[in-house]
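*Asks:* One structure coming up, written as structure tokens, with questions to follow.
Since every read-out is calculated from the coordinates, none of them should be taken as a lab result. Small disclaimer: the values here were computed from a predicted structure and weren't measured. With ideal geometry, Cβ positions are generated from the backbone for all residues, glycine too; neighbour counts draw on all protein chains shown.
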Amino acid sequence: MTVVSVRGDKGRKRVAGAVLATALLCTGAVACQGSDGGKKTKGAGSGETQSRSQVTEVITAAYKKTSAAKSAKVEMTMSMPSKMDGGGTMKMSGVMGWDPTVMDMTMTGSALTAGDPDAPEKVRMLWRDNVMYMDMGEAAAKSMAGTGMDGKRWMKMDLNAIAEEAGDPKLAKQMTGGLDSMNQDPAQQLALLLDSPNLKHVGSAKVDGVQTQRYKGRLTVKEMMESNKGLDDVLSKSERDELFKGIEKSGIKGYDTEVWVNEDDYPVRMDIDVKSPEGTMKTSQKFSDYGAAAKVTAPPAKETFDLMEMFKELGELGKDGAGSGADSGF
């Protein structure tokens, strides 16, 4: 996104661009005990090639353990081809929870600064109650001097408010409902993987010194949408069909998923590749400390500025500057 300065307001415009680019990266960002009453599945301790029924047993056990844990420490690397808007690499580390979705992650990488060397090189991101907060740093706070956002370093992106501002109730329902099935949620990904018709056991492997068994499967876009029952709660059949056509039109064929499961039936690594005409989008996650506390507290209101309010204000500045030959736009 490119933003041209209005009346010398370059700092605020750059911050607005960096904020939205980072937000898009994040949104464009994710049960019970082990199976058979605690009986050990034929998982990481086995060097044999497993049958489909054994594979299903292991992944089902992993799903149940992961779903019950509800949180973990995460190290994530996301990469997008340079041909795509926002292309580059982003790394995230911190604590993530699911059911409900909460995050406290620190982000770094080239994708944050692509196209804007003044963008922050490191961003802390908090997520709770369908709202994302991003710490844009001291430079962002200083660039707001003389405005109602002066000295406020935390950006607030309320997906409910954005959808309401757009005047589309369906959009609001999709945005908030979609948070519970973000591709970063390992339990949801395991559930989807179980529906892969070619799910198979690859063999044993070590991940950071931990013995695991490796599994992989592929879902076409159609199979993924049919398997993702969460979509039924937020999309009608016609909306699902429209979404499917849009994804197909983009050239995305399917999703390749690999997971490494340890002896305790927990996934310790999960890779997801999405192939498109521009290249392959890759997400690799490593999990540890399942059940780690994932309590996220929103930053103080006095240190927070609202993304929607910023764009409204910038829009007004653009109107004011139109008569003086100033140029503005997104």
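*Asks:* What pairs in K70/K253; K122/K206; K206/K245; K65/K200 have C-alpha atoms more than 28 Å from each other?
*Replies:* K70/K253; K122/K206; K206/K245
*Asks:* In the range 190-280, which GluC sites (Glu not before Pro) fall in coil by DSSP and have 16 or fewer other Cβ atoms within 10 Å?
*Replies:* Within the range 190-280, the qualifying GluC sites (Glu not before Pro) (loop, at most 16 other Cβ atoms within 10 Å) are E263, E278.
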